[in-house]
Amino acid sequence: MPVAVLVLALVAYAYALVVLPGFRRPGIAVGLVVAAGLAIYFTRAGSETTRSATRIEAAELTLSDLALDRTGRGATLSGRITNGSPRYRLRDLTLAVRLRDCPDPGAAVETCPVIGESTAIARPDVPPGQIRALRAHFVFSSVPPLAGTLRWDWRITAIRATED
């Protein structure tokens with residue numbers, strides 16, 4: 001309905017500019033002022049996509065009880081996520097997982113060679129200050145057979161949050 005009202009208003013404005021010669025100069029001036037005002041507003045406000053990506057910092061999220069279960073085509077990461085933000089609802093987050101083949105089980109994860117990388121989106125929908133289950137499915141291609149022990153690490157690459 002608001003779109004229909006906007007279209008009707010623009011048609012009436014264009015009609016008045018064409019039919020009423022005395023309205024042309026003030027009408028064009030008002031149109032330019034309104035267009036400039038809208039341009040400034042939308043430039044300063046930014047897009048919702050940009051705002052939703054900056055509302056919650058990765059440090060405000062706590063991932064716990066994480067487990068990586070291999071599947072036929074990849075792996076499933078599951079666990080719990082806590083939203084530490086007092087104001088914003090976590091809608092989804094993008095996670096990156098690296099699979100590593102560690103020849104020595106006691107070696108630091110960072111020193112083992114990477115044999116696979118993938119990203120996935122999890123949509124836990126966590127209200128402020130609450131905990132929810134987390135689940136993300138990763139697809140890995142061309143992962144070689146393990147020569148040692150499978151180790152993995154993860155990181156958050158993107159967050160989308162909305163006002164609760």
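Just so it is clear, none of the values below were taken in a lab; they were calculated from the coordinates. The model shown is predicted, which means the values in this text are computed figures rather than measured ones. Note that we place each Cβ from the backbone using ideal geometry, even for glycine, and neighbour counts take in every protein chain shown.
What's the FRET efficiency of Arg132 with Arg155 using the Cβ-Cβ distance as r and R₀ = 30 Å, to the nearest 0.05?
0.95
Taking the chain as a Gaussian network, where each spring joins two C-alpha atoms under 10 Å apart, which residue of Arg24, Arg123, Arg100 fluctuates the most?
Its mean-square fluctuation being the largest, the pick is Arg24.
What does the highest-first list of 146-157, 85-96 look like by mean Cβ count within 10 Å?
Highest-to-lowest ranking by the protection proxy: 85-96, 146-157.
Using packing as a proxy for protection, rank 3-10, 29-36 so that the peptide with the highest average count of other Cβ atoms within 10 Å comes first. Before the final figure, lay out each step's value.
On the way: 3-10: 9.4, 29-36: 10.9.
Sorting 3-10, 29-36 by mean packing, highest first, produces 29-36, 3-10.
Taking the Cβ-Cβ separation of Arg123 and Val34 as r and a Förster radius of 41 Å, what is the calculated FRET efficiency to the nearest 0.05?
Taking R0 as 41 Å, the efficiency between Arg123 and Val34 is 0.60.
What whole-number value in cubic angstrom gives the convex hull volume per residue for the C-alpha atoms of segment 2-45?
On the way: hull volume 2.6 nm³, N = 44.
With only Cα atoms used, segment 2-45 gives 59 Å³ per residue.
Can you give me the relative contact order of the chain as a percent, contacts being Cα pairs under 8 Å and 6 or more apart?
It comes to 26 percent, rounded to a whole number.
Can you give the charge dipole size of the chain about its Cα centre, rounded to the nearest 20 debye, using +1 on the beta carbon of Lys and Arg and -1 on the beta carbon of Asp and Glu?
Here the chain has a charge dipole of around 580 debye.
For Asp104 paired with Glu57, estimate the spin-label separation in nm (one decimal), with each label point 7 Å from Cα along the Cα-to-Cβ line.
3.6 nm
Kindly state, as a whole number, the per residue volume in cubic angstrom of the convex hull around the alpha carbon atoms of segment 56-163.
Convex hull volume per residue, Cα atoms: 94 Å³.
Could you check the simple spin-label distance between Ala9 and Arg91, using points 7 Å along Cα→Cβ, in nm with one decimal?
Taking the two extended label points, one gets 2.6 nm.
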